[in-house]
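Trainee: One structure, pasted below without further comment.
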Amino acid sequence: MTPDESRAQRLFSDNSGVWLPPPDLTVSQWADRERRIPPEASAEPGMWRTSRAEYQRAVMDAVSDPATERIVMMTSAQIGKTEILLNVIGYFIDQETSPILKLDPTLDMGQAFSKDRLAPMIRDTPALQRKIKDPRSRDSGNTLLHKTFTGGHITIAGANSPASLASRPIRVLLCDEVDRYPVSAGTEGDPLSLAMKRTQNFWNRRIIWVSTPTILGISRIEKAYNASSREEWCVPCPSCGEYQPYAWERIVWKDRPEPVMVCARCGTEFNEVGWKAGQERGVWIAANAEERRTRGFHMNAFASPWATWKNLVEQYQEAFRNGEEELKVWWNTVLGLPWENQEGTIEAETMETHREEYPAELPDGVLVLTCGVDTQDDRLECEVVGWGLGKESWGIEYRVFYGDPGRSEVWNALDDFLSKLWRYRDGEQIGLSCVCIDSAGHFTDEVYRFVKPRARRNIFAIVGRGREGMPSVGKPSRNNRRHVALFTLGVTTIKGALFSRLKVEAPGPGYCHFPLEAKNNHRGYDAVYFKGLLSERMVVRRVRGRETITWEPRSVGIRNEPLDTRVYATGAMELFNPNFEMHAQRRARKATKSAAPRPPEVRKTPERRPEAPEKVNETQQSEPENAPKAPERRAKTPRRGVRLLRAGMRF
């Protein structure tokens, strides 16, 4: 062999990884061979093992199947959805280099994913280290939201950010938590449709939708799953061998030392260990086996190796005690199923059962007070609400201040009311912890002027937004003429929680108490108030091509200010975010201290000492009348802080 031939052979051998086609691996095989789990991202760091959660294998390998274009995962939490997406990303970086887009509900969530999950995987997986340069090197092409590699790149975008969805061809589209996407990315339209259009240039595109569902009939992932192969993860019965999914309706825990599941065929009961012993033999069974282009997978947390049945049942019992709002969350995140809203409209007459006589201005269960204020053209309306453990609530007082909000008199009256202290029957008094005032309408500047010097008292301006999926309280903005902190309330979210609590029938977590009206103690909770509180109903409308929740008036002519003020008071509670357990302990200590009998005070009469006779020095001369006197000492003036404390003022 000549030197030139030898040199060419070495060159070919050293670069064979570039010239030769990639090995014929599926995503799960690549993960088992190459993937490393970083210690900060998992309780089980080290080499990836698909056998640890066998149900993940078919989902990942569907991505490698040429016959499959779309994969839909409607699942619970705690089953490894994010790890599956990370394995898909690693596979397309190392084996089939392609342009990739990872779409999250918000840009902040995308940044957190890149920093906390993607970057550690690249750092600890040698096969990926060689493909993506260190971000500290110059011109590495490795930024937080955009990482390049030979033959492709990965871009991380937020569904709420139109700029992050700028035109760029994409072969692999990973959509995480699609049910949390906004209806529109700014003014550009549906973010999911915008992202899908970017894959049209690729005949071998891969589109993956992953999400826990939300509400039946509205959930986007539910509709996509119903149009797919509809596969369920099934395991064999330890007794008869019948394959069946983990079903909540067959889980039994009452009068059992531990939860068991009943076989759908033979009726035999087995505990968690018995059923999960067959996980390695589990299979995905499709209800629509003919559909191969779109594979749909559903499973719940009872199949997860990282969740115990006992803990999941305890979560259900706690959610059931806390009311429909938390039960819905458990249904979505544990069973991976859409929640079916309970039909039926609450009538004002049913609120009569929620009315009771309070023993004092504040019932004993109240731990925190908040207030919501609504601005109208000729008045201000507000409600003070008391909150206790489990977000149990008490209506304390509803007030209307008539007058032109453009003049100071009505605002001074409101300020006096917001400065009031409310009293328990043991004499203890508390004030408002947080106040939200609606700044929309014709008196925005007046609201800003009122709240700016009172921010230290947690009195804030708010604006309500009815977009579905918004959090109860958003981050504050100071981009306004007075540079005050302006908070955005997700009124659709708050109204949904409020009406769920109004349906709670027994006192306890989530229950809403209201006072009986007395002749000498009118708190403002009359028939007009309850009609206003229940003045709207939830309906589903098709907006910009997709179903969404809106709240509409039940009838014409009923004013909704009581509903708005209760929503703002609820937003104030969420904004203040109290530690109810800590407040309950403090209240219990004070109640115990005030109830303890005080020992009688014994006063001792001081003994009078005999006065010593004055000693006169006969040699001492009397001072002349015109002798100069010693200057008198002036009393020290207390410092400003002391003066304020003596005057009873707060800083």
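The values are calculated or read from the model by the stated rules, or taken from the named source; none is laboratory data. Model, not experiment: these values are computed from the prediction. Here Cβ is always computed from backbone atoms with ideal geometry, including for glycine, and neighbour counts include all displayed protein chains.
Trainee: Please note which strands (runs of 3 or more DSSP E) are completely contained in the range 180-261 and include at least 3 residues that are aliphatic (A, V, I, L, M) and touching a residue at least 60 places away in the same chain (Cβ under 8 Å).
Mentor: Answer list for the range 180-261: 206-211.
Trainee: Please verify whether Ala41 is surrounded by 12 or more Cβ atoms within 10 Å (Cβ to Cβ), small (Gly, Ala, Ser) and over 17 Å from Pro305 (Cα atoms), treating the condition exactly as stated.
Mentor: Against the criterion (surrounded by 12 or more Cβ atoms within 10 Å (Cβ to Cβ), small (Gly, Ala, Ser) and over 17 Å from Pro305 (Cα atoms)), Ala41 does not qualify.
Trainee: Also, quick follow-up: Out of Glu325, Glu280, Glu349, which single residue is more than 25 Å from Pro213 (Cβ to Cβ), touching a Ser or Thr at 6+ places or on another chain (Cβ under 9 Å) and in a helix (DSSP H, G or I)?
Mentor: When all the criteria are applied, what remains is Glu280.
Trainee: With the condition kept exactly as written, say whether any residue in the range 469-484 is surrounded by 14 or more Cβ atoms within 10 Å (Cβ to Cβ), assigned to a strand (DSSP E or B) and in contact (Cβ under 8 Å) with a residue 12 or more places away in the chain. Break it down into steps so the answer makes sense when it comes.
Mentor: We begin by selecting, within the range 469-484, every residue surrounded by 14 or more Cβ atoms within 10 Å (Cβ to Cβ); these are 469-470, 472-474, 476, 480, 482, 484.
Among the residues that remain, those that are also assigned to a strand (DSSP E or B) are: 473.
In the following step, the residues that additionally are in contact (Cβ under 8 Å) with a residue 12 or more places away in the chain were identified as 473.
Yes - at least one qualifying residue is present in the range 469-484.
Trainee: Go through the range 57-105 residue by residue and tally those that are free of Cβ contacts under 8 Å to residues at least 60 places away in the same chain and closer than 27 Å to Pro162 by Cβ.
Mentor: Qualifying residue count, the range 57-105: 1.
Trainee: Let me ask another. Listed residues Arg407, Arg457; which is under 33 Å from the mean Cα position of the chain (by Cα) and farther than 19 Å from Thr488 by Cβ?
Mentor: That would be Arg457, the only listed residue that is under 33 Å from the mean Cα position of the chain (by Cα) and farther than 19 Å from Thr488 by Cβ.
Trainee: Another question about this same structure. So is Glu290 assigned to a helix (DSSP H, G or I) and either more than 23 Å from Trp331 (Cα to Cα) or modelled with pLDDT of 90 or more (or both) or not?
Mentor: No.
Trainee: Could you give me the residue pairs with C-beta distances under 8 Å whose first residue belongs to the range 268-288 and is under 12 Å from Gly241 (Cα atoms), whose second residue is buried (at least 17 other Cβ atoms within 10 Å of the Cβ) and of a type in the set (D, E, K, R) wherever it lies, and which are 6+ apart or on separate chains?
Mentor: Matching pairs, first to second residue: Gly282/Glu54.
Trainee: Okay, moving on. Filter the range 417-445 for residues that are at pLDDT 95 or above and in a helix (DSSP H, G or I); which is surrounded by the most Cβ atoms within 10 Å (Cβ to Cβ)?
Mentor: Leu418
Conditions (1) closer than 18 Å to Thr370 by Cβ; (2) assigned to a loop (DSSP other than H, G, I, E, B), marked per residue:
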| position | (1), (2) |
| --- | --- |
| Ala461 | yes, no |
| Gly464 | yes, no |
| Thr493 | yes, no |
| Arg523 | yes, yes |
| Val556 | no, yes |
| Arg559 | no, yes |
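Trainee: In this structure, does Trp275 turn out to be outside any strand (DSSP E or B), aromatic (Phe, Trp, Tyr) and closer than 17 Å to Glu249 by Cβ?
Mentor: Yes, satisfied.
Trainee: Then there's this: For Phe401, work out the one condition from (1) part of a strand (DSSP E or B); (2) touching a residue at least 60 places away in the same chain (Cβ under 8 Å) it doesn't fulfil.
Mentor: Single failed check for Phe401: (2).
Trainee: Still on this structure, please answer the following. Mind checking which helices (runs of 4 or more DSSP H) fall wholly inside the range 1-79 and carry at least 1 residues that are at pLDDT 90 or above and out of contact with any Gly (no Cβ under 6 Å at 6 or more places or on another chain)?
Mentor: Ranges flagged: 27-34, 55-64.
Trainee: Give the range 288-307 a look and list any residue that's crowded, with 16+ Cβ neighbours inside 10 Å and of a type in the set (S, T, N, Q), or say none.
Mentor: Residues satisfying the conditions are Thr294, Asn300, Ser304.
Trainee: Is the range 371-388 home to any residue that is touching a helix residue (DSSP H, G or I) at 6+ places or on another chain (Cβ under 6 Å) and more than 21 Å from Phe530 (Cβ to Cβ)?
Mentor: No, the range 371-388 contains no residue that is touching a helix residue (DSSP H, G or I) at 6+ places or on another chain (Cβ under 6 Å) and more than 21 Å from Phe530 (Cβ to Cβ).
Trainee: Can you tell me how many residues within the range 180-232 are hydroxyl-bearing (Ser, Thr, Tyr) and either within 14 Å of Asn332 (Cβ to Cβ) or surrounded by 21 or more Cβ atoms within 10 Å (Cβ to Cβ) (or both)?
Mentor: Summing the residues that are hydroxyl-bearing (Ser, Thr, Tyr) and either within 14 Å of Asn332 (Cβ to Cβ) or surrounded by 21 or more Cβ atoms within 10 Å (Cβ to Cβ) (or both) in the range 180-232 gives 8.
Yes or no, residue by residue, for (1) in contact with a Gly (Cβ under 6 Å, 6 or more places away or on another chain); (2) farther than 22 Å from Asn577 by Cα; (3) free of Cβ contacts under 8 Å to residues at least 60 places away in the same chain; (4) buried (at least 19 other Cβ atoms within 10 Å of the Cβ):
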| site | (1), (2), (3), (4) |
| --- | --- |
| Glu356 | no, yes, no, no |
| Pro359 | no, yes, no, no |
| Leu369 | yes, no, no, yes |
| Asp377 | no, yes, no, no |
| Leu380 | no, yes, yes, yes |
| Asp415 | no, yes, yes, no |
| Val447 | no, yes, no, yes |
| Asn458 | no, no, no, no |
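Trainee: Residues being touching a Phe, Trp or Tyr at 6+ places or on another chain (Cβ under 7 Å) and modelled with pLDDT of 90 or more: count how many of those fall in the range 335-353.
Mentor: 2
Trainee: Across the range 276-307, what is the number of residues that are in contact with an Asp or Glu (Cβ under 7 Å, 6 or more places away or on another chain) and more than 30 Å from Asn204 (Cα to Cα)?
Mentor: So the answer is 2.
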